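Undergrad: Dumping the structure here so I can ask a few things about it.
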Amino acid sequence: IAEKEGAIGWITFNNPAKHNAVSKEMWDGLADAVDAFNADDDVRVIVLKGAGEKAFVAGADISKFEDERASEEAIKAYADSVTRGYNTVMASPKPTIAMIRGYCIGGGTGIAVCCDMRICAEDAQFGVPAAKLGLGYSYEHIRKLVDLVGPSAAKEIFYTARRFNAEEARGMRLANRVVPADELESYVRNYAETIAGNAPLTVKSVKAIVGEIMKDPEEQDLDLCKQLYDGCFDSEDYVEGRRAFMEKRKPNFVGR
């Protein structure tokens, strides 16, 4: 479910009966929803969450495997949808927040890792059970986790295939913030509104430049980094920010 609330785009994984386990259709829907919010100038922050109170995403919808992953062709099509879903979230130029309650397992952890920030309730549980199922993970998907938590924690997550609670996740940098479950949505909404009220060009430039920093040196686009940096100082928002500071008022940023 994709809904817009002011400057926040909300994406909800809506399969609560199965702890929001994702099907191929849902992977495609995730990418389509993010693409739509990316193209909407009114949306400044994207929040991903799960329906109900028991899960963010509890992995793949195994009941769909007979239909979605029964042949080599179907397996490839499913993998392409998963990769598109991950990459679309990862490549969004807008800030993304995973709001996590309950189970965040397998593909759920993968989706959360692709977001810029993960804010979770005290009941959150993370895990990648691939080693219990004999599944393989690609270089690209493992690298995303390594870039976030480091090689030792990534190995621990995969080697043990166990579940990690919210405090363990925060300790390994998998979670940015841990809050009481009954405060989670209001906390995330306030966080998103704070980000949305800041200068969009500055936020966009930082996200893009951090993305370049995380690439291998030979793949980095330093010209793009300089262009984004210069663009902030050449913008109307820079003028507005200075004036608002001097006039002791809240700035009204327009993103240009």
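Undergrad: Straight distance only, please: which lysines reach the Cα of Lys49 with their own Cα at less than 19 Å, same-chain residues fewer than 8 apart left out?
TA: Qualifying lysines at Cα under 19 Å: Lys4, Lys18, Lys24, Lys94.
Undergrad: Normalised radius of gyration for segment 53-160, please: alpha carbon Rg relative to 2.2 N^0.38 Å, two decimal places.
TA: Ratio of Cα Rg to 2.2 N^0.38 Å: 1.08.
Undergrad: Could you identify which residue out of Ser186, Ser81, Ser205 has the top mean-square fluctuation in a GNM of the chain using Cα springs shorter than 10 Å?
TA: Ser186
Undergrad: Can you pull the percent of segment 183-256's accessible area that's carbon plus sulfur, 1.4 Å probe, other chains left in place?
TA: Roughly 56 percent of what the probe reaches on segment 183-256 is carbon or sulfur.
Undergrad: Kindly provide the helix-only [θ] at 222 nm of the chain, computed as the sum of -39,500 (n - 2.57) over DSSP H runs of four or more divided by all residues, to the nearest 500 deg cm²/dmol?
TA: It comes out at -15000 deg cm²/dmol, rounded to the nearest 500.
Undergrad: Beta carbons within 10 angstrom, averaged per residue: use that to sort the peptides 167-179, 114-126, highest first.
TA: In descending order of packing, they fall as 114-126, 167-179.
Undergrad: Where the accessible area of segment 24-128 is counted over protein heavy atoms with a 1.4 Å probe, how much of it, in %, is carbon and sulfur?
TA: Roughly 49 percent of what the probe reaches on segment 24-128 is carbon or sulfur.
Undergrad: Sequence-distant or interchain residues sharing an amide H contact under 5 Å with Val47, placed H: which?
TA: Gly9, Trp10, Ile11, Ile97
Undergrad: Just to be sure I understand: with springs between alpha-carbon atoms less than 10 Å apart, which residue in Phe233, Phe158, Phe245 has the highest mean-square fluctuation in the Gaussian network model of the chain?
TA: Of Phe233, Phe158, Phe245, the Gaussian network model singles out Phe245 as fluctuating most.
Undergrad: Quick one: which residues, 5+ away or cross-chain, put their amide H under 5 Å from the amide H of Val179? H built at 1.01 Å from N.
TA: Here the answer is Cys120, Ala121, Glu122, since their amide H atoms fall under 5 Å of that of Val179.
Undergrad: Mean-square fluctuation check for the chain, GNM, Cα pairs under 10 Å: which of Val128, Val146, Val188 is largest?
TA: Val146
Undergrad: In whole Hz and in residue order, list the ³J(HN,Hα) couplings for segment 135-149 that follow from phi through the Karplus curve 6.51 cos²θ - 1.76 cosθ + 1.60, θ = phi - 60°; x for Gly and Pro.
TA: 7, x, 10, 6, 3, 4, 6, 5, 4, 4, 6, 4, 4, 7, 9
Undergrad: For a quick check of understanding: with a 1.4 angstrom probe and all protein chains in place, what accessible area in square angstrom does Leu228 have, to the nearest ten?
TA: Result for Leu228: roughly 40 Å² accessible.
Undergrad: Within segment 143-256, how many Lys pairs sit with Cα atoms under 23 Å apart, leaving out pairs fewer than 8 places apart on the same chain?
TA: Total qualifying Lys-Lys pairs in segment 143-256 comes to 11.
Undergrad: For the chain, what does the accessible surface come to per residue with a 1.4 Å probe? Please give it in Å².
TA: Accessible area per residue: 53 Å².
The values are calculated or read from the model by the stated rules, or taken from the named source; none is laboratory data. If you're wondering where the values come from, they're calculated on a predicted model, not measured in any experiment. Counting neighbours? That spans all protein chains shown, and the Cβs are built from the backbone with ideal geometry, glycine included. Please note that ligands, DNA and RNA were not included when accessible areas were found on the heavy atoms of the full protein model with its side chains. Shrake-Rupley method; radii C 1.70, N 1.55, O 1.52, S 1.80 Å.
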